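Only the coordinates and a few stated rules stand behind these numbers; no lab work does. Because the structure is a prediction, the values reported are computed rather than measured. Note that each Cβ is placed from the backbone with ideal geometry, even for glycine, and that neighbours are counted across all protein chains shown.
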Amino acid sequence: MINNDIIVPIVNKSAFPLPSYATEGSSGMDLRANITEPLTLGSLERILVPTGIFIELPVGHEAQIRPRSGLAVKQGLTCLNTPGTIDADYRGEIKVILVNLSGQPQTIQAGDRIAQMVIQQIEQIQWRETDSLSETVRGAGGFGHTGKN
């Protein structure tokens, strides 16, 4: 196994452990609700949940905030603005926008795992303005153009 670990400075102002990978093959690290009292979300209600985590990503990387599948299937809670992007130059607290898509109120407790964070390498581009684009078989077809069912 090749170790390609990137060292990322992190400040943890929560009462909970640092985000970590649950298994060797995990892509994401769980983020926890850094709250002092339970939060209850009514059906279709959304809320911004603090994590107490602050990071300093290297330029050329982003953190993506994604839903946790167990939370979505068991409680109907998911993340809005998914995946949420945390840019390399952001130094504020990581917060998660949660929404309750179930028909019943759902409660989040202090320390609950509310989302996962995936670190990705990114590329920046430079535009080259032109009057036309190359032709392809697909052309301008989109929104279901390539499938019949």
Notebook entry, point to check: What is the gain in length, in nm to one decimal, between Val118 and Tyr90 on full extension, counting 0.36 nm per residue of separation less the C-alpha to C-alpha distance?
Noted result: 8.5 nm
Notebook entry, point to check: Per the Debye formula with a single identical scatterer at each Cα and no solvent contribution, what log10 I(q)/I(0) holds for the stretch 68-149 at q = 0.18, 0.20, 0.25, 0.27 Å⁻¹?
Noted result: -0.93, -0.99, -1.23, -1.33
Notebook entry, point to check: Over the stretch 23-114, what is the mean sequence separation of C-alpha contacts under 8 Å (at least six apart), divided by residue count, expressed as relative contact order in percent?
Noted result: 45
Check: What Rg and what Dmax come out for the chain when only alpha-carbon atoms are used, in angstroms?
Finding: 19.2, 57
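Stretch Thr40-Lys13 to full length: gain in nm at 0.36 nm per residue minus the Cα-Cα span? Working shown, then result.
Numbers: separation 27, 0.36 × 27 = 9.72 nm, distance 2.27 nm.
Contour length minus Cα-Cα distance gives 7.4 nm.
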Notebook entry, point to check: Share of Cα-Cα pairs in the stretch 18-72 beyond 12 Å, in percent?
Noted result: 78
Check: Not counting the cut sites, what is the longest span of the chain without chymotrypsin sites (Phe, Trp or Tyr not before Pro) that DSSP labels loop and that have at most 12 other Cβ atoms within 10 Å?
Finding: 1-126
Note to self: To the nearest 20 Debye, how big is the dipole of the stretch 1-136 about its Cα centre, given +1 on the beta carbon of each Lys and Arg and -1 on that of each Asp and Glu?
What the structure shows: 640
Check: Charges only on Cβ, +1 for Lys and Arg, -1 for Asp and Glu: so what's the dipole of the stretch 63-132 about the Cα centre, in debye to the nearest 20?
Finding: 460
Check: Along the principal axes of its C-alpha atoms, what lengths does the stretch 39-107 span, in descending order and rounded to whole Å?
Finding: 42, 19, 16
